[in-house]
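Enquirer: Below you'll find the structure I mean.
Values quoted throughout were computed directly from the atomic coordinates according to the rules given, and no laboratory measurement underlies them. Values in this document were obtained by computation on a predicted structure and should not be read as measured data. Cβ sites come from the backbone with ideal geometry, for glycine too, and all protein chains shown count toward neighbours.
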Amino acid sequence: IITVRELADILKVPPNQVMAELLKRGILATINQTIPAEVAVSIAEGMGFLAEIKSVEEKIDQEEEEEPSENLQPRPPVVVVMGHVDHGKTTLLDAVRKTNVAEREKGGITQHIGASVVELPDGRKITFLDTPGHEAFISLRARGAQVTDIAVLVVAADDGVMPQTVEAINHARAFNVPIIVAVNKIDKPGADPQRVRRELSELGLIPEEWGGDTIFVDVSAKTGQNIDQLLEYILLLADLLELKADPTKRAKGTIIESKLDKQKGVVATVLVQEGTLYVGDIFVAGTTYGRVRAMTDDKGRRLKSAGPSTPVEVLGFEDLPMAGDTFKVVPDEKTARQIAEARRLQKEQLEKVSRGLALEEVFKKIQ
Ligand code: GDP
Ligand code: MG
C-alpha cells in the first residue's frame with residue numbers, strides 16, 4: 001500500500017497525473033489516499049516507470065563498483081559456533097566473552113544484540129554471532145547473506161561425533177567456511193579428545209598434528225581452560241584468510257536481528273561488513289529504509305561510527321527489516337525510498353506469483 005503522493009514522488013510526476021491514471025482505472029482518489037500495491041505497479045508500468053525504479057538500485061550499485069577499494073584494511077573475523085546440542089556452544093560463547101578484558105575493566109555487561117565482539121589485550125578483535133547452532137547461520141545463508149568467515153565446531157569429548165556434528169560440518173563445507181574444532185568438556189572424567197580426532201578424521205577433518213590441515217583445540221568451556229588458545233587459533237586462521245575491507249567506503253552489511261521495542265521502536269542489529277557506518281547515514285535494508293538515529297555496540301556503548309566486522313544496534317528504521325536482509329548506505333533519502341519501494345513492489349509481485357495469482361505477463365515484467 002502506498003499513497004498517491006508517495007507514488008507520484010517515486011515516479012517523479014505531479015500527484016494529479018497519478019490521480020488521472022487512477023481515474024482511467026475507475027478509481028477516484030485524493031492525494032493522501034492509499035492505493036493497493038498492484039494498482040501502483042500497474043500505473044508505474046503504464047507510465048514505463050517500473051523499469052526506471054528498478055534501475056535506480058542498479059545505477060547505485062554500478063557507481064559503487066566503480067568506486068575502487070583502495071584502502072583495504074585487515075578486519076576482524078566473524079565467527080559462528082556450531083555443534084551438537086548440549087556439546088557446549090552456549091557455555092563456550094559465555095567463556096569467550098569472559099576473556100573480554102576491555103569489558104571486564106569497564107565492568108560492562110554484554111548486551112544481547114545478536115553478535116558480540118571479543119577484544120584481546122593487544123587490541124585484536126573477533127566478532128562472534130550470538131545465536132549458537134545452525135539457525136542463524138542457515139537462515140542468514142539461505143537468504144544469500146555471507147556473514148561468517150570461520151566456524152568453530154564444538155564437539156564434547158565425552159560424547160564424540162553426533163548427528164548434528166555431521167550436519168554442521170556439511171553446512172560449513174557447503175558454504176565454504178573453514179572449520180576450527182573445539183574439543184570441549186576435557187575437564188570431564190570420561191573425556192576422550194583423541195576419539196573425537198579419530199571420528200572427525202573419518203569425516204575428512206584431519207588434525208594438523210596428524211598431517212592434516214584442521215586446527216583442533218582441547219578446551220573446557222566450563223573451567224575456561226585453553227579458551228585463550230582457541231582465540232589465538234581463530235586469529236591465526238583469520239590471518240591466513242587475509243580478511244580485508246575498505247573502511248573508507250559507504251557502509252554495507254547484513255541484518256543479524258530485528259525487533260519491535262515498546263520504547264525504542266524498530267531496533268535492528270547490523271553487522272557492518274564493508275565501509276564505515278555513521279550516525280546520520282541514510283540506508284536501505286531489505287524493503288525498508290531509514291536514517292541512523294543512534295548506534296550502540298554490544299556493550300551498550302553509544303557509537304558515532306562503526307567499521308567493518310562491527311555489529312551495532314541501530315535505531316532509525318522506518319519499518320522492521322528481516323534477519324538476513326542486506327543493508328547499505330545510499331546517498332540520499334529519495335534514493336533510499338525509491339529502492340525500498342521498488343523492492344517492496346517486486347516482492348509483492350513475487351509473492352503474487354508464488355501464490356499462483358499472477359499472470360504470465362506479470363512474471364515476465366519482474367524478470
Ligand atoms: P549447547 O546446547 O551446545 O549450547 O550446550 P550448553 O552450552 O548449553 O551446555 C550443555 C551442558 O554442558 C550444560 O550443562 C553445560 O554446563 C555443560 N558444559 C558445557 N561445557 C562444558 C565443559 O567444558 N565441561 C563440563 N563439565 N560441562 C560443560
Ligand atoms: Mg545452547
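Enquirer: Sorted by packing (mean other beta-carbon atoms within 10 Å per residue), highest first, where do 205-213, 287-295 land?
Expert: 287-295, 205-213
Enquirer: Still on this structure: Multiply the residue separation of Q146 and Q164 by 0.36 nm, subtract the distance between their alpha-carbon atoms, and state the gained length in nm to one decimal.
Expert: 4.3 nm
Enquirer: What order do you get for 329-337, 258-266 when each peptide is scored by the mean count of other beta carbon atoms within 10 Å, highest first?
Expert: Going from most to least packed, we get 329-337, 258-266.
Enquirer: Taking the Cα centroid of region 302-321 and of region 165-189, what is the distance between the two, rounded to the nearest whole Å?
Expert: 30
Enquirer: Right, here's the next one. Using the per-residue mean of other Cβ atoms lying within 10 Å as a proxy for protection, in what order, highest first, do the peptides 8-16, 85-93, 306-314 fall?
Expert: 306-314, 85-93, 8-16
Enquirer: With the cut-off at 1.5 for a/c, could you classify region 176-236 from its C-alpha gyration tensor as rounded, prolate or oblate?
Expert: oblate
Enquirer: Once a ≥ b ≥ c are taken as the square roots of the eigenvalues of the Cα gyration tensor of region 229-282, is the result rounded (a/c under 1.5), prolate (a/b larger than b/c) or oblate (a/b not larger than b/c)? Please report the intermediate quantities before stating the final value.
Expert: Working: a/c = 3.82, a/b = 1.66, b/c = 2.31.
Verdict is oblate for region 229-282.
Enquirer: Stretch K98-R198 to full length: gain in nm at 0.36 nm per residue minus the Cα-Cα span?
Expert: Details: separation 100, 0.36 × 100 = 36.00 nm, distance 3.08 nm.
Going from the current span to full extension adds 32.9 nm.
Enquirer: Skipping prolines and chain starts, which residues have an amide H placed within reach, meaning under 5 Å, of the one on Q225, given they are 5 or more residues away or on another chain?
Expert: Under 5 Å from the amide H of Q225: S220.
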